[in-house]
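The values are calculated or read from the model by the stated rules, or taken from the named source; none is laboratory data. Keep in mind it's a predicted model, so treat the numbers as computed, not measured. Cβ coordinates were reconstructed from backbone atoms using ideal geometry, including for glycine residues, and neighbour counts include every protein chain displayed.
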Amino acid sequence: MKKIYYLKTCSTCIKIIKELNLANSFVLEDIKTKKLSETELDFLASKAGSYEGLFNKRARKLSDLKNQVFNEQVYRELILKEYSFLKRPVFLIDDEVFAGNSKSVIETIKKQLNN
């Protein structure tokens, strides 16, 4: 399966999808209008290696949690509760998950798509 979890209002997400020309070959899922289910999140975390790997540490709402002690369960609960805590975009390509918009992630996705 080829799927992208993204925010329709995120210019970075849209730019990456256009740059890689993926709009027609991937299922696009806007995480604001359709929240991730527990099953989806658990699957993504199992493929990514952790919930922390899917967690957006630059989310604005994170400043409200200054004194929070983080562990895998807390990351999971926060992502399920608030869509902005999911790092984005998240690419599901067959059985692999790539999260975020760093240059290295985008380059890895390009290589994966060219195989």
If you go through L54, L7, the only one that is on the phi < 0 side of the Ramachandran plot and in contact with a Cys (Cβ under 7 Å, 6 or more places away or on another chain) is L7
Sole miss for A48 among (1) of a type in the set (G, A, S); (2) over 28 Å from K111 (Cα atoms); (3) under 13 Å from the mean Cα position of the chain (by Cα) is condition (2)
If we ask which residues in the range 14-38 are surrounded by 12 or more Cβ atoms within 10 Å (Cβ to Cβ) and closer than 16 Å to I93 by Cβ, their number turns out to be 7
Taking the stated definitions as given, is L36 in a loop (DSSP other than H, G, I, E, B), within 24 Å of Q112 (Cβ to Cβ) and hydrophobic (A, V, I, L, M, F, W, C)? yes
| query | Is there a residue being modelled with pLDDT under 95, touching a Ser or Thr at 6+ places or on another chain (Cβ under 9 Å), surrounded by 12 or more Cβ atoms within 10 Å (Cβ to Cβ) and outside any loop (DSSP other than H, G, I, E, B) anywhere in the range 39-61? | reply | yes
Checked against (1) touching a Leu at 6+ places or on another chain (Cβ under 7 Å); (2) at pLDDT below 95; (3) under 20 Å from L78 (Cβ atoms), K32 satisfies every condition except (2)
Here the qualifying pairs (Cβ atoms under 7 Å; residues six or more apart or on different chains; first in the range 5-24 and without any contact (Cβ under 8 Å) to a residue 40 or more places away in the chain; second outside any loop (DSSP other than H, G, I, E, B) and among the charged types (D, E, K, R)) come out as K8/D30
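Here is a yes/no grid of residues against (1) touching a residue at least 24 places away in the same chain (Cβ under 8 Å); (2) under 12 Å from I4 (Cα atoms); (3) crowded, with 19+ Cβ neighbours inside 10 Å:
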residue	(1), (2), (3)
R76	yes, no, yes
R88	yes, yes, yes
E107	no, no, no
K110	yes, no, no
